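Okay, so here's the structure we're looking at.
The values are calculated or read from the model by the stated rules, or taken from the named source; none is laboratory data. Note that this is a predicted model, so its numbers are computed, not measured. Don't worry about glycine lacking a Cβ; one is built from the backbone with ideal geometry, like all the others, and counts go over all protein chains shown.
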Amino acid sequence: MVSKPKIVPRMQERYNKEVLPALVSKLGRNNPHNLPRFQKIVVNMGVGSAVTEKKHLEEAFTALTTITGQKPLVCKARKSISNFKLRQGQDIGCKVTLRGARMYEFFDRLISLALPRVRDFRGLDPKGFDGNGNYNLGLNEMLVFPELNPDKYTRAQGMNITIVIAGKNDDESRELLRGMGLPFKIEEAKKSKKSEQA
C-alpha cells in the first residue's frame, strides 16, 4: 500500500519559508525554538442562554464542530450564581483546542474568509495581547464562517479565539502575527500624523 504524501497547510509553509527567516533577521536569533511560533488556537463559545434553553448549546456545539472540524469539549459552570439561575456543574458553553495542521488551516480560514466578512471591519485591536504573548479576539457572529448555513443557524452566537504563542513577549508575537497576515488596525500611524499636523 502506497502512503499518500502529507499535505502541509498553506500557513505552515508560509511560516517556515517566509515568516521564520524574517524573524531570524529581525530578532537576531538563529535557533527556531527560541523564536515565536504558534502552539495552539482555542476557540470558545459561551452560551449563557443554555441555562434555560438546552437547544442553544446543541446549536453552538454543532456549529463549532463544523467550523473547526473537531469535536468540542462541553464547559460546565464552576460555581452557582443565583442571579443568573446558574447551578454548579451546569453546561454553559463549549470549546475546541486546535494544534498542528488543523490549527494552521483554521487560522488560514479565519484571516482569508471569516474576518473579511465581518461587517464594518477595520482591522483587529493591536492591544489584544495578554502580556505573555498570547492574542485574544472576539467575533460577535459565527456566521462569518462560510461553512455555516444561515438558514440553519438563525440565532446570533459569538465566540472568543485565543492564539497561544510560544514567545518571549507581546512585541515578538505581534511581529509573528503581522507576518502571518493577521490584519491589525493602523491607528498608531494615523495618530502620529495628526499630532504632527497639530
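Given the criteria modelled with pLDDT of 80 or more, within 26 Å of Phe145 (Cα to Cα) and surrounded by 17 or more Cβ atoms within 10 Å (Cβ to Cβ), does Pro72 qualify? It is true that Pro72 is modelled with pLDDT of 80 or more, within 26 Å of Phe145 (Cα to Cα) and surrounded by 17 or more Cβ atoms within 10 Å (Cβ to Cβ).
Based on this model, can you work out whether Leu177 counts as touching a residue at least 12 places away in the same chain (Cβ under 8 Å) and assigned to a loop (DSSP other than H, G, I, E, B)? The answer is no for Leu177. Residues in the stretch 113-123 that are assigned to a helix (DSSP H, G or I) and either in contact (Cβ under 8 Å) with a residue 12 or more places away in the chain or closer than 20 Å to Asp170 by Cα (or both): Leu113, Ala114, Leu115, Arg117.
When the residues of the stretch 129-142 are filtered to those that are buried (at least 19 other Cβ atoms within 10 Å of the Cβ) and closer than 17 Å to Arg178 by Cα, which remaining residue is nearest to the chain's Cα centre (by Cα)? Across the stretch 129-142, the extreme among qualifying residues is Tyr135. The residues of the stretch 124-164 that are in contact with a Gly (Cβ under 8 Å, 6 or more places away or on another chain), closer than 22 Å to Cys75 by Cα and either without any contact (Cβ under 8 Å) to a residue 60 or more places away in the chain or in a loop (DSSP other than H, G, I, E, B) (or both), listed by number, are Tyr135, Asn136, Leu137, Gly138, Leu139, Asn140, Glu141, Gly158.
If the condition is being loosely packed, with under 12 Cβ neighbours inside 10 Å and either out of contact with any Pro (no Cβ under 9 Å at 6 or more places or on another chain) or of a type in the set (Phe, Trp, Tyr) (or both), then the stretch 108-120 contributes Arg119, Asp120.
Scan the stretch 97-112 for residues that are more than 26 Å from Asn34 (Cα to Cα) and either in a strand (DSSP E or B) or polar (S, T, N, Q) (or both) and the total you get is 1. Only one entry of Ile163, Ile186 meets the criterion of being at pLDDT 85 or above and among the hydrophobic types (A, V, I, L, M, F, W, C), and that entry is Ile163. Going through (1) part of a loop (DSSP other than H, G, I, E, B); (2) modelled with pLDDT of 85 or more; (3) among the polar types (S, T, N, Q) one by one, Gln88 falls short only on (2). Within the stretch 55-67, residues that are loosely packed, with under 15 Cβ neighbours inside 10 Å have Cβ atoms under 9 Å from residues that are in a helix (DSSP H, G or I) in these pairs: Glu58/Ala50, counting only partners at least 6 apart in sequence or on another chain.
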